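The values are calculated or read from the model by the stated rules, or taken from the named source; none is laboratory data. Being a predicted model, the structure only gives us computed values, none of them experimental. Quick reminder, even Gly has a Cβ in these numbers, built from the backbone with ideal geometry, and neighbours come from all protein chains shown. Calculation scope for accessible area: heavy atoms of the full protein, side chains included, ligands and nucleic acids excluded. Shrake-Rupley method; radii C 1.70, N 1.55, O 1.52, S 1.80 Å.
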Amino acid sequence: MAAPRRDTRGIVDAPGLFTRVRFRRRTPAAPLRPYVEHYWLIDWDLPEPYATHVVPHPCVNLVFQRYADRPGFGEVAGVGLELFAQKLAGRGRVCGVQFRPGGFRPFTPERPATDWTGRRLPLAAAFGPHDPAAAVLEPADEDARVAALDAFLTPLLRAGPRVLAQAELAMGLADRIRTDRTIRRVADFARAEGLSVRALQRLFAGYVGVSPKWVLLRYRVHEALERAASEAEVDWAALAAELGYSDQAHLVRDVTATVGVPPTAYVR
């Protein structure tokens with residue numbers, strides 16, 4: 001199994017964040033790896049507040065968090081439809097679980113992924129009253145936090161063969177959209193996979209939580225923002241063509257709708 005990915009796609013101003021917090025990704029226990037992308041751990045102790053912003057991935061997260069002014073708690077964060085902002089102040093800690101797109105359904109097999117989309121709900125909404133926030137957040141040892149996440153999640157993987165098979169299909173298709181830049185139209189993609197557009201849409205609604213078109217557009221925006229942050233000069237017209245946009249204006253519109261400012265302003 002590959003190590004956790006090292007890119008910073010989705011994190012707005014990743015260098016600024018990383019100078020203020022300690023950020024790590026960790027690999028989950030073997031039985032969880034087909035469904036969990038990675039764990040992500042953040043600790044901070046700031047002399048002044050800092051606001052972090054993230055363009056969410058098309059996946060569900062479990063987030064265990066402790067801030068200076070409140071005790072630790074856990075919540076389910078469904079696929080975020082808008083730019084996510086969080087103010088960090090004083091001392092705090094977050095231990096998160098990022099599921100693969102489609103990978104959360106096997107842990108909540110009775111509920112479609114759309115139940116969580118655009119919502120942040122108490123952990124009890126998915127898993128009942130037991131909240132392992134203290135076990136996850138309190139250990140000073142990072143390995144102990146990872147072990148606590150493993151211990152909490154492993155017994156929850158209880159889906160039957162049909163749900164697991166559909167989740168595997170959804171995860172594979174979502175990963176293809178993420179990695180294959182030749183995929184430009186949902187209808188063509190569905191046809192190539194031997195599915196109708198409607199069947200593909202139903203699968204993504206039930207297991208990913210958003211439509212395949214939304215996933216395609218979000219990954220395009222991630223790519224555009226990462227290129228904008230890493231290249232001294234961006235040829236926006238060429239990048240739009242590379243990402244499958246019909247013209248530069250469509251790329252500018254999607255980036256602006258996602259982060260609130262046009263690409264050139266984002267770069268500044």
For the range 44-115: rounded, prolate or oblate by the Cα gyration tensor [a/c cutoff 1.5]: prolate
message: Whole-Hz ³J(HN,Hα) for each residue in the range 234-247, computed from phi via Karplus 6.51 cos²θ - 1.76 cosθ + 1.60 with θ = phi - 60°, x for glycine and proline: what do you get?
response: 10, 8, 5, 5, 5, 5, 4, 5, 5, 8, x, 7, 6, 7
- request: Two decimals is fine: what is log10 I(q)/I(0) at q = 0.07, 0.09, 0.12, 0.15 Å⁻¹ for the chain, from a Debye sum with one equal scatterer on every Cα and no solvent?
  value: -0.25, -0.42, -0.76, -1.18
- line: Once residue 18 and residue 83 are pulled to full extension, the length gained, defined as 0.36 nm per residue separation minus their Cα-Cα distance, is 21.5 nm
field: Backbone HN-Hα couplings from phi across the range 78-85 [Karplus 6.51/-1.76/1.60, Hz, Gly and Pro as x]
entry: x, 3, x, 8, 10, 4, 9, 10
- prompt: Averaged per residue, what accessible surface does the chain expose to a 1.4 Å probe, in Å²?
  reply: 48
field: Under 5 Å, built H, 5+ apart or other chain: amide partners of residue 40
entry: 26, 96, 97, 98
- request: Please work out whether the range 136-213 counts as rounded, prolate or oblate from its C-alpha gyration tensor, where a ≥ b ≥ c are the square roots of the eigenvalues and a/c under 1.5 means rounded, while otherwise a/b larger than b/c means prolate and anything else oblate?
  value: prolate
query: Kirkwood Rh, the range 110-266, all Cα pairs: how many Å?
result: 18.5
- prompt: Per the helix-only calculation at 222 nm, which mean residue ellipticity applies to the chain, given -39500 (n - 2.57) for every DSSP H run of n ≥ 4 and division by its residues, nearest 500 deg cm²/dmol?
  reply: -11500 deg cm²/dmol
field: Inter-site label distance for residue 181 and residue 199 at 7 Å from Cα along Cβ, in nm
entry: 3.1
Of all accessible heavy-atom area on the chain, the percent that carbon and sulfur account for (1.4 Å): 53
query: With Cβ to Cβ distances under 11 Å as the rule, what net charge do the other residues near residue 145 carry (K, R +1; D, E -1)?
result: -3
query: Per 5 Å bin from zero, what fraction in whole % of the C-alpha pairs of the range 174-268 is there, up to the bin with the longest pair?
result: 2, 13, 23, 22, 16, 12, 7, 3, 1
query: Residue-wise, which Karplus ³J(HN,Hα) couplings in Hz belong to the range 206-213, taking 6.51 cos²θ - 1.76 cosθ + 1.60, θ = phi - 60°, and x for glycine or proline?
result: x, 10, 9, x, 9, 6, x, 5
